[in-house]
Each structure stands twice: as C-alpha cells, then as structure tokens.
Amino acid sequence: MEARQLFTRETKAISTARRSLLVIESIPGIRYNEIVEVQLGTGENRVGQVIEVGKTTTVVQVFGGVSEVDLLNSRVRYRGETLKLPVSPDILGRIFDGSGNPIDGGPSIVASAYHDINGVPANPASRMPPAEFIETGISVMDGLNVLVRGQKLPLFSGSGLPHNRIAAQIVRQAALKRKAEEFAIVFAAIGVSFDDAAYFIANLEETGALNRAVGFINTASSPVIERLSTPRLALTAAEYLAWERDMHVLVVLTDITNYCDALRELAAMRGEIPSRRGYPGYMYTDLATMYERAGRISGKEGSVTILPILTMPDDDITHPIPDLTGYITEGQIVLSRPLERKRIYPAIDVFLSLSRMMKEGIGEGNTREDHNNVFMQSYAMYAEGNYLREISTVIGSDALSDRDRIYLSAADRFEREFISQGEFERRTVEETLEIAWNIFSMIPREDLKLIQEKYIQKYLPKKGKAQ
Amino acid sequence: MGRIWRVSGPVVIAEEMRGSQVYEVVDVGEERLTGEIIGLEQDKAVIQVYEDTVGLRVGEPVVGTGEILMCELGPGMVGNIYDGVQRSLVTMIEDVGDFLLRGIRTDALDRNKKWEFNPTVKAGDTVHEGDIIGTVPETGLIEHRIMVPIGRGGKILEIHKGRFTVLDTIAVLEENGDRKPLTLMQRWPARKPRLYKRRLDPVNLLVTGTRIIDYLFPLALGGKAAIPGGFGTGKTVALQQMARWSQTQLNIYVGCGERGNEMADVLHSFKKLRDPGTDRLLQEKEIFIANTSNMPVVAREISIFIGVTMAEYFRDMGYDVLLVADSTSRWAEAMREIGARLEETPGEEGFPTYLGSRLATFYERSGRVECMGLPERTGSATVIGSVSPPGADFSEPVTQSTLRIVDALYSLDVALANRRHFPTINWLQSYSLYSDSVGKWWKQEVNPEYHAVRDRALVTLQREAELEEIVRLVGPEALPENDRLLLLIARMIREDFLMQSAYHPVDTYTPPARGHLMLATIIRFGDVARELSEQGMLVSEISQLKIVPRISRMKDVPLEEFDKYIKDLWSDMEKALTTREGGM
C-alpha cells in the first residue's frame, strides 16, 4: 500500500481509544472515509479509516485494533486518500493480506493504477443479462442448478460440511462449454482457519492454476477489521481483470459468515442500533455492494462471477446471513447434512438449491435441447420418491404399490448415481444428462409427462440396452 | 452558502444554512453531490445525500438551489430508464460510460429532441389548469397529452403546431395581463400528490393476465396491493409479469434496491416482448426506474415518489397507469438507515416510528379519479409493492404496516416454491377487497356465472386443505370416495388453473374470458365426475379418463383454437354422462 503521498498532516490530540476506535481532534482537510496512518509510541505503524468527520472531532477505526495505543505518544497522520488497491497484470499469481500487502515473499506490486476498493456501481442500463453456461463438471449443478457467467451463486453450508472441497472442485473444473478460455480465479479467505486457506492455495498450486489466480488471505487470527476490506480488495482485483484485462473471473469468497460477524462486531463498537440478531440494519446494503459487483457489461469482453460461501449458524436458512444473501444472489446451492450422513458427495440439497439464471443458460446452443425437460422431470421424480420415503416411514413399506417401489428405488439411484460423484471426477453436461435418462428408463414411460415426446424418442435408452 | 460541518455515512450536517427550507435540494461539496435537506436547527441543516459521500471534507461548500425536489414531466419519459433521482441512465452511458460516477448531472428529458405537437385548442380560447391543449405522439402506444400546468390558465394568445423541444414555447397565455409561455415540459414536486377533481370508486378490473389474481383475487384499476414473499418465492417474476402484461396504458417499473442482473433482464426483455393487445413493443408503454441495491441507499427513498409522481401525471391525462415497486422493504431500510444516522428513537426492529405513515403516503397516491380540466376524463393509478420479509416471517414491521394500508394481498409461499408451484401466490392467505366491486365488472363484461364459479373453486381449495391434514395422519387410502373426488378436482384447479408458466408463450398471459372458461370447465368436470361417481365409478377410474389430460392441456392451447377446444371438451363431458363413458 505504498501509495503516493500528497500532503501529510498529523495530530497527537487523541482523546479516546477504545476497542478499534480512536476519537481525535479534527484537522482541516480530513476526508470522510479516508485512510490514515496511526503511529504508536513504540514506532509501529497501523492503518485506520475515518468513519465520521466533524468540525471538532473525527472518529477513526484502526485496522489491527487499538492495543498499545497510548494517548500521549501516538500520532495520527492524514494522507488524503481512500483505501486503494494497486493494480497491474502482475497481481496474477500473487497472494496478499487483508490490507493488500504481499505475503507470499514476493516483491511489492508496481502499480499501473490505484483503484478504490469500494468500486463504482455499474449503470443498470449498461448491464447484460448473464446467459453463458459454465460447465462445472458437477452433475447437481450442471444438470439442476446451472451457473452462468456474471452470476452470483452462494454455497449455503453448515459447519463440518464439505463446502471447501466442493468450491475447490468448482474452481478446478469450471470452464465455458465449447470454449477453451480459462477463468482467472480470485480467492478471498475471510477469517477462516489457516488450514482452510492453505487448502485452497495448495489446490490452486497442484492444478497449476496459481499463475492465473490472486489470493487475499485474512485468517481467523488476523485483525477483525480487515475482514471487511479483504473481500473488497478481491472484488477490486476481479473487476480490474474483467473490465480492463478482458478476463472471465471467478471470485470465491469464504466465509461470508465471518465477514458478517465482523460487521456486527464493529457496528456494536460504534454503538449503532442493532437490527435482527444484533446485525446492523444496513447489512443487506453492505452485502449488496459486494455481491452486486458480479455481472456482465455490454461491450466488454470480461465478466465477474461470484461464488460466496457461508456457513449457516445451526443450519438455519432463516438466519440473517443466509437470508439477506439469498435476497441478493441469484439463487443458492444448499448443502445437506442428511445426504452427507449417507456419505454422498457432493451433498447438495436438490430441493432447497436453486439457480435463478438457469433458464437463460441452458438449452440448444448452450447445453442441449432436452436440458430443461430433463431438469423438470428429474426434480419431479426425485420429489415423488422422497415423498414416498416419508410416507413409508409412517405407514410401512408393505403398504406401497409396485409403482411406488419403483419411485423409491429411482430416488435411491438418483442419489447414488446422479448426485454422487467423485471429487476429481469431471462430467460433461451430456454425461450428466445421460445419467438422468438412464434413471428415467426405470419409471413407467407414461409418467414422463414433463418431457416432450420427440426428446423421449431421441434420448430414452431402449429397453434392454439400459444398464 | 453553507459549509460542511459533519459527515456520517449518507448524512451530512452543514452550518451557516440560515434561510434554507426543509426538503430543499442542495449541492454538497466541491463535487456538487445532490442532497436534500431533511431537517433544520438554528443555522444547521441536516442533509441526506443521494450519492456516495466518501472523500467529503469539513468546510466544503453546500449550496442551496432554492427548490424542493422536482420531477420533470413531459415527452421523453416513456421507454427511458432513470435512477432514483430521475437522472437518465441512458444519457449517462453516453456522457460518462458504464459506471456511475459521482456528481454527474443529466436531464430527465432530452433538451434537444424535437417532438411533433398538435394543438387541440386555438388562439382566443380560454383554458384552465389541467386542460388538454394538444398532443404529442410520444411512442406508438402513448399519445402524450399536454396539459396546462396546475395553478396556471388564461386566454390563449398564440398556439403553434409543429416540432418543438421540451423547452420551446408552444403557446402563449395571457395571465393576469402578462404574456406567459407554455412549454411541453412541466415540473412537479415529487413529494406532493398531484391534484384531481374527485376520487371515484375503483370498480374496473385491472387485467394482469395472471389467472389467480384476475379471477380469485382481482385487483381494481386505481387499487393498491402488496406482494410479500421470502427469497426464492418468485416475487420478482410475479411483478415482472404484471408489468409486462397488465392491460393498462402505461406501466412504471421501480426497481428499488434490487438485483442489477434482474434489472438488466427486465430492460432487455421489454425491448423484445410485445403487448398482447396491440402487438407493439412493451418498451413503448413502460418507464423504468432502476436504483439497484449497490447504488446509493438514500436515493431509494425518493425513487418511489418520483415513480408515483410520473404515474399521477399520466393518470391526469386520462390514462390507466400501473406502478410496480420492487421492493418496498429496501425502501424502508433506507429510511431506517437515515433514521439511525440521525439518532432518532427507533420503533420496531430499528425502523423509524413513522414507517407506517410514510408507507401510507406512498400507497395513498393510488386511485381512480376524475381528472382536472377539460375535456372531462377519468384516469387511474394502481400501485403494487413487493415486500421482502426477513426469513419469510410476515410478522415483521414492513409487512404488517403495509397490510394496514393495502386492499389486496398476494401472499407468496415458500412451500409452494419448493414444490415448484408457480406463481406461488397462496390461495388460502391471499385476499382482495375488490372482489365484490370488480365482480360486477366480471359479471357484466365476461360471464354472469363468475361469482358462482369463483366461490366453488375457493370452497374446494379450502376443503382440500382440511382433508390434507387428515391424509397426513391416515394416508389417502382411508378417505371415502367423495372426499377423494374432491381432492382430484382440487388438484386439477391447482395444477391446471392456478399454476401458470411465465415462460410459456401462450400460458404467460390469460385474458379474462379464457380464464373463466378454463375454471368453469374444471368445475363442470367436477359435477360430471360426481354423477359418474354416484353411478358407481371409482375415483381411481375417473382420474384415468382420457379427458383429464385434455383438461390439463387447456392452458397451452393457442388463442385461436381455444374456443373449439373447450366446446369439444364440454360436448364430450355431456356425452359421457349419457353413455357413462363416451369420449372420455
């Protein structure tokens, strides 16, 4: 963050230091939200941000907290700048901390420009509706919950569920159908354990993807306030790569729950009036200013696709974090503990998951003509099987008809063959659809009501040939 | 001129502001950000700023404009896309590119474009406020009627036919002995309701093309309705469907704090879709206001009032206008954020205590009215707002405050969404207070049987809900035959009538007469089936009759084949009764 220094003014008049906030005497020229330097009596320097300016007093939030700040010898220096990320093509392959400093032992970035980490909202009239299918190689996603370029699709998980492995698999395998272009990956670790962060970096290294990736790492032991800047730095890097370097960028943000908890912690320190469960009332807007940086802009080559990961406290989908996220994102991929207990990987809940951009991303030209029909029929078939499972636990399986039994085993096969796949198995969308058709051949042909006749004739395996 | 004294988020306090008025628009800082004064105390003004305040310094200038926030009204609005403070986003792309920079000014109405003006009054006539003095063909669907602004009037000294910009003089009035020009454009303060002669009862159906709304819970032209729903319940699709197909002359879509990609989808689809009545592009009867969730929060608050002012303006021309606001919860959150910054005493869940009254000032601007001026005419403005209750919990303050104001509720249901039943409007929780008044319209315009058929359907659905409880305990096999038959008919009502695909070219829009025939056919089948059942046929046999899938295909039958299709269905049902099987 060695930004150019325009002018410097400083003060030693600090009246309060509490938690991460400093109240200081105002100096003319200080800007709202600008970045200040806090020099401690020990000589250590910290970065802070102005969160309120007034004629007499100014409030500064210090990145790294106010420990060891003393009111006599510490000083605050103004630089006249807001928090910026130095950008250049050289950021690819590099890893930074939550303040944007390199932590991979490499040299600092020679910036071609400095970008405000809060970004600038895209003009809604300039946006292009996302419509290009991304093949993740995972059947539950490619078949039933399609990801498209420019979409924001979160993983709703719970503690102990394999969201990191699924996200890593998506990152390894994501590619555009019928095009050789590779994604640039931007990865932000927000308050996660060191092991989790290391897992992602190792995964990128092993697949050779690290040279087209940028990492921003704030681990659980890093300063809480940097959890707010980490995802914004990552998104600023992503926007730079997409809009200025014409790249298709996939951004992974993990874990948004830590982000929101940091937001709550800092809001409480400022004495703000809390909303639901103590989270600030502006959390929807705050999350939106991050998630909404996904998209496509007409006339520009690149795109920003965002895959946020969050762990639902107590698996509760109505908790404010998943709830507000779901209101902003275009669908959600929800992990299922019952499926995980059945040792099915990836344990993705078909009924709660949804991709709102699916309609635009599938069909002829994108995937295959029968895709939407197969999706509807799979869903209906699996739903029927699940319903019968519940019924049979009440009334006993003896009371079921033969037709019911077929649906029960179809649902089992659907879980074992369609949902379940290897962590390193990459299925094409055609393979995914074939698996579904194979299972359809079990159920009575007249039950395939959601599929057009011509597709049944073309794709349904002939009796005897089905496995 | 004042100076910045304090900055906290979107709230700026300026000093040396004596002489300002509340709601006056001010330019804040050296970048001249647009703000509005929301409070005055001694020489200090509390200002809400409609743009990001990052980088403001104490001491920067604050300049009052002497005016409260005005909405520009005139030709050039239809088909345009505005942000929350009525800056044209289309013009902004030309001026500054694809991203929204701060301090940018664009005119709401293009100052250079010339419009064809055809006078309908002549020199020597005396006109009064609200009188129509001429027309401009704005788009293929909208004839823009130019009215004498409220508070003006007099003898017309001259009036010209020809091509004019919005600021050119089209006529000169003699007002109190002075010569005063009239232009195509007029202005109106966004927070102030426009005037009318008197209010009329909302008695005519607003045709939305969505069957469950038009038939079971009809909305009246000039009515007010709310659509609450948790995420994933298809709220936005439901609203977009209304904005697309409603048979009103002009629609206004206010995207308030919602998704950018969705807004892009709306904008692009309206460039392609055609109005079912006229086959013209929908864009020719639509105004968009797009203030997405990442755009400045405070602008959400005013965007709704800008939208409703436009709606009233077109209402005053004698048109039926629909305003759709997605989402009023984001709008309420903007108020909460400002309230918190001002350190007001919060009400429930941190929302300001005036939440309910502020919501009312918005919804109450709907209505069917007798317009000001001549020729005599009536117009209507209908308002539909979506609500996004946290955790789909309807007991929260925004939903509850809204329910006290609106007269129709379309309650979206997460359980229906999980069953992929769309639209997810729950038929047991939704209501419409217009069903009686609009029912008369149905009887006169469509079919005298309307009430009978509607009531039968509602009773069947209600009974189904009761039976489902029993089924859950004892299984469907334990029910008597007549209850099983009811479940079959209820399922047909749900799947073949209430479920409607927004993506199917035919199913997406259902005209009232077609909707009536569809439901009447299912009800008739229920009667036929009951007789067959009494004659000894099992419900399991009835459900296998060939006519059942034919009834479910009704919704996809193209308009031109529909009448014959239904006629055949009915005659086959009659045959079945006499022969016990017939063509069924």
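What the table shows:
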quantity: Total charge dipole magnitude, the protein assembly as shown, about the Cα centre, Cβ charges on Lys, Arg, Asp, Glu only, Debye to nearest 20; calculated: 1060
quantity: Mean accessible surface per residue for the protein assembly as shown, computed with a 1.4 Å probe while every protein chain stays in place, in Å²; calculated: 38
quantity: Prolate/oblate/rounded label for the range B:198-432 (Cα gyration tensor, a/c 1.5); calculated: rounded
quantity: Cα centroid of the range B:382-439 to Cα centroid of the range B:146-167, whole Å; calculated: 44
quantity: The range A:137-242, relative contact order in percent, only Cα pairs under 8 angstrom and at least six apart counted; calculated: 25
quantity: Convex hull volume per residue in cubic angstrom - Cα atoms of the range B:2-68; calculated: 64
quantity: Using alpha-carbon coordinates, inclination of helix A:429-440 to the longest axis of chain A, degrees; calculated: 40
quantity: In order through the range B:564-578: 3J(HN,Hα) via Karplus (6.51 cos²θ - 1.76 cosθ + 1.60), integer Hz, x for Gly, Pro; calculated: 5, 4, 5, 4, 4, 4, 5, 5, 5, 5, 4, 4, 4, 5, 6
quantity: Residue-by-residue Karplus 3J(HN,Hα) for the range B:329-339, coefficients 6.51, -1.76, 1.60, Hz, glycine and proline x; calculated: 5, 5, 5, 5, 5, 4, 5, 4, 5, 4, x
quantity: Principal axis dimensions, the range A:85-359 - Cα atoms, whole angstrom, descending; calculated: 52, 48, 41
quantity: Solution diffusion estimate, µm²/s, Stokes-Einstein, the range B:274-385, Kirkwood Rh from C-alpha pairs, 20 °C, viscosity 1.002 mPa s; calculated: 136
quantity: Percent RCO, i.e. relative contact order, over chain A, from Cα pairs under 8 Å lying at least 6 residues apart; calculated: 16
quantity: Beta bridge orientation in the protein assembly as shown: antiparallel %, DSSP, nearest 5; calculated: 65
quantity: Overall dimensions of the range B:42-169 by Cα: Rg and Dmax, Å; calculated: 19.1, 57
quantity: Translational D in µm²/s for the range B:450-579 (Stokes-Einstein at 37 °C, 0.692 mPa s, Kirkwood Rh from C-alpha pairs); calculated: 212
quantity: Chain B: relative contact order as a whole-number percent, Cα under 8 Å and 6+ apart; calculated: 13
quantity: Of all accessible heavy-atom area on the protein assembly as shown, the percent that carbon and sulfur account for (1.4 Å); calculated: 50
quantity: Relative counts (whole %) of C-alpha pair distances in the range A:155-233, using bins that are 5 Å wide; calculated: 3, 15, 22, 24, 20, 10, 4, 2, 0
quantity: Evaluated at q = 0.05, 0.06, 0.09 Å⁻¹: base-10 log I(q)/I(0), Debye formula over Cα of chain B; calculated: -0.26, -0.37, -0.76
quantity: Pairs beyond 25 Å (Cα-Cα), from B:113/B:271; B:114/B:180; B:114/B:192; A:454/B:546; B:235/B:546; B:235/B:555; calculated: B:114/B:192; B:235/B:546
quantity: Cβ-placed point charges (K, R +1; D, E -1), dipole of chain B about Cα centre in debye, nearest 20; calculated: 820
quantity: Size of the range A:371-459 as Cα extents on the principal axes (Å, biggest first); calculated: 40, 35, 16
quantity: Kirkwood hydrodynamic radius of the protein assembly as shown, from inverse mean 1/r over distinct Cα pairs, in Å; calculated: 31.3
quantity: Value at 222 nm in deg cm²/dmol, rounded to 500, when DSSP H runs of n ≥ 4 in chain B each add -39,500 (n - 2.57); calculated: -10000 deg cm²/dmol
quantity: Computed over the range A:11-82, Kirkwood Rh from alpha-carbon pairs, angstrom; calculated: 11.6
quantity: Rounded D (µm²/s) - the range B:341-412, Kirkwood Rh over Cα pairs, Stokes-Einstein at 4 °C, 1.567 mPa s; calculated: 89
quantity: Set of lysines with alpha-carbon distance to residue A:300 below 20 Å, sequence-local pairs under 8 removed; calculated: A:152, A:177, A:179
quantity: Selected from B:557, B:29, B:458, residue furthest toward positive end of dipole (the protein assembly as shown; charges at beta carbon); calculated: B:557
quantity: Tail fraction, Cα-Cα pairs, the range A:190-263, threshold 20 Å, whole percent; calculated: 34
quantity: Between the range A:195-241 and the range B:112-142, the Cα center-to-center distance that results, in Å; calculated: 61
quantity: Pair-distance profile P(r), taking every C-alpha pair of chain A, with 10 angstrom steps and integer %; calculated: 4, 19, 27, 22, 14, 8, 4, 2, 0
quantity: Interface burial for B against A (accessible surface, 1.4 Å probe, total of both chains, Å², rounded to 100); calculated: 5200
quantity: Mean ellipticity per residue at 222 nm, deg cm²/dmol - from DSSP H runs of n ≥ 4 across chain A, formula -39500 (n - 2.57); calculated: -9000 deg cm²/dmol
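The values are calculated or read from the model by the stated rules, or taken from the named source; none is laboratory data. Computed from a predicted model, the values in this text were never measured in an experiment. Cβ coordinates were reconstructed from backbone atoms using ideal geometry, including for glycine residues, and neighbour counts include every protein chain displayed. SASA here: full protein model, heavy atoms, side chains in, ligands and nucleic acids out. Shrake-Rupley method; radii C 1.70, N 1.55, O 1.52, S 1.80 Å.
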